[in-house]
Amino acid sequence: MRVTGRSYKECFGLVVALILSGCDTPTEFSDTRVETFVAQTGLPNVTGPFYFTRLGSYDLQVFSIGFGEIIECPVLLRVSVPPEPAECRRGLAMGLRLSDRVGWVALEEEGITLPDNANRFDITGGDDPVLNGGLWDLLKERDAQFYTVYFKGRISRDPDTPLAALHRIADELPEWMWPRGGHLLLDNSIAVADRDLVVKLASLPVFQGDPYAEVRTRAQALLQ
């Protein structure tokens, strides 16, 4: 069992550090479908895209960009860039390309999730290839943080996500400490209409500090 005490905000901060450390470093990899998508979204002051996990067997590519207000990079990051003043961005967008479909799985600014927009990665229904169990297994193995925080975060919020996928997300909550995931499920009308899933949330285990306390309380209230 893999359990971590990292909060969502801490995960965000770690990803930002990984991205911004490469702000002034050109990438040798190019994905024209991603780059066309980024150019069309119209976000201001974009840096990137920066490419991360790729699952060739599923034609899947994870990427990110920095965007928005130009800020001075944190001191910790300046050691990774040239001596001239380094520029970073206040916003972060995490994206996913699956075959010819490209969209954001998260759009954030200083750790605050921005509202969904037309450029989000959209779930098309129960037969959507992005819901393939083998894809989930491999992505979880290759990039557990992206899989847990960003990928499943997008899946949880989409109104077209089927119940079976929502159950898997609930089943995996004890493996990686992710209270926000529990709250996302409780905000999902399909999830809360299923008593078995709500019972799973109401029965989440108690870990040190009890990060799932609020999730259990919300779920138990629905069962009364």
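Every read-out reported here was derived from the displayed coordinates using simple, explicitly stated rules and does not represent laboratory data. Because the structure is a prediction, the values reported are computed rather than measured. Backbone-built Cβ (ideal geometry, glycine too); neighbour counts: all protein chains shown.
Before moving on, here are some points about what is shown:
- Gain on full stretching of the segment that runs from Thr217 to Asp116 - 0.36 nm per residue minus C-alpha separation: 33.7 nm
- R0 of 45 Å, Cβ-Cβ distance Ser189-Ser57: FRET efficiency to nearest 0.05: 0.85
- The stretch between Gln145 and Asp127 holds 4.0 nm of extra length on full extension. This uses 0.36 nm per residue minus the Cα-Cα distance.
- The Cβ shell under 15 Å around Pro162 holds other residues with a net charge of -4, Lys and Arg each +1, Asp and Glu each -1.
- Within the shell of other residues whose beta carbon sits under 14 angstrom from the beta carbon of Gly91, the net charge comes to -3, with Lys and Arg scored +1 and Asp and Glu -1.
- Each 5 Å bin from zero up to the one holding the largest Cα-Cα distance in the range 138-184 carries the following percent of pairs: 5, 22, 37, 26, 10, 1.
- Extended-chain gain in nm, criterion 0.36 nm per residue less alpha-carbon gap, Ser203 and Asp160: 12.9 nm
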